[in-house]
1. Condition (residue is surrounded by fewer than 17 Cβ atoms within 10 Å (Cβ to Cβ), assigned to a helix (DSSP H, G or I), aromatic (Phe, Trp, Tyr) and out of contact with any His (no Cβ under 7 Å at 6 or more places or on another chain)) applied to region 96-111: is it met by at least one residue?
2. In this structure, is ALA12 in contact with a strand residue (DSSP E or B) (Cβ under 9 Å, 6 or more places away or on another chain), closer than 19 Å to ASN103 by Cα, surrounded by 15 or more Cβ atoms within 10 Å (Cβ to Cβ) and among the small types (Gly, Ala, Ser)?
3. Tell me, which residue of region 79-94 that is crowded, with 16+ Cβ neighbours inside 10 Å and touching a helix residue (DSSP H, G or I) at 6+ places or on another chain (Cβ under 8 Å) is nearest to GLU16 (Cα to Cα)?
4. If ASP48 satisfies all but one of (1) in contact with a strand residue (DSSP E or B) (Cβ under 9 Å, 6 or more places away or on another chain); (2) under 24 Å from ARG110 (Cβ atoms); (3) not aromatic (Phe, Trp, Tyr), what's the number of the condition it fails?
5. Tell me which residues, restricted to region 26-60, are in a helix (DSSP H, G or I) and buried (at least 20 other Cβ atoms within 10 Å of the Cβ).
6. Are any residues in region 65-95 of a type in the set (Val, Ile, Thr), under 11 Å from the mean Cα position of the chain (by Cα) and assigned to a strand (DSSP E or B), and if so, which ones?
Amino acid sequence: MNASPEESAGIALLLEQANLITQSVATPSELKTKIKDASFIAVIMDLDSVGIDNRTVKELASAFPSIPFLCLSKERFHPELKDSIRDHIYACLTKPIDPDELNYWLKCIREDERGLTVG
């Protein structure tokens with residue numbers, strides 16, 4: 001979920017290089033519609049481009065508890081989202097995205113789904 005088409009395209013390219021199929025959305029309401037209609041291993045939300053708050057993250061996580069949420073931001077700290085980061089967000093990555101870090105977190109998610117240990 002990213003309101004910037006250029007950034008969405010860049011993230012999609014990184015994910016496609018990891019042999020993943022992507023879908024881009026710009027708003028939480030679009031995200032809810034897409035999640036209902038398909039199967040996803042994770043949702044990547046750009047905190048800088050999409051106005052998101054604790055309530056929105058909680059609603060998404062409650063509605064789709066099996067989908068991990070990764071966040072992206074230029075900022076290292078988001079005190080306004082501390083509850084969501086603690087309770088609902090799988091990991092936060094800083095921008096620009098390090099492809100190795102992104103792949104690491106996606107590997108962790110896949111292994112968590114299978115009950116494996118990362119190592």
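1. Yes, the conditions are met somewhere in region 96-111.
2. no
3. Ranking the qualifying residues of region 79-94, first place goes to LEU93.
4. Just one mismatch for ASP48, condition (2).
5. Answer for region 26-60, where residues must be in a helix (DSSP H, G or I) and buried (at least 20 other Cβ atoms within 10 Å of the Cβ): LEU31, VAL57, LEU60.
6. Selection gives ILE89 alone.
None of the figures in this text is laboratory data; all of them are computed from the coordinates on show. Source: prediction; values computed, not measured. Here Cβ is always computed from backbone atoms with ideal geometry, including for glycine, and neighbour counts include all displayed protein chains.
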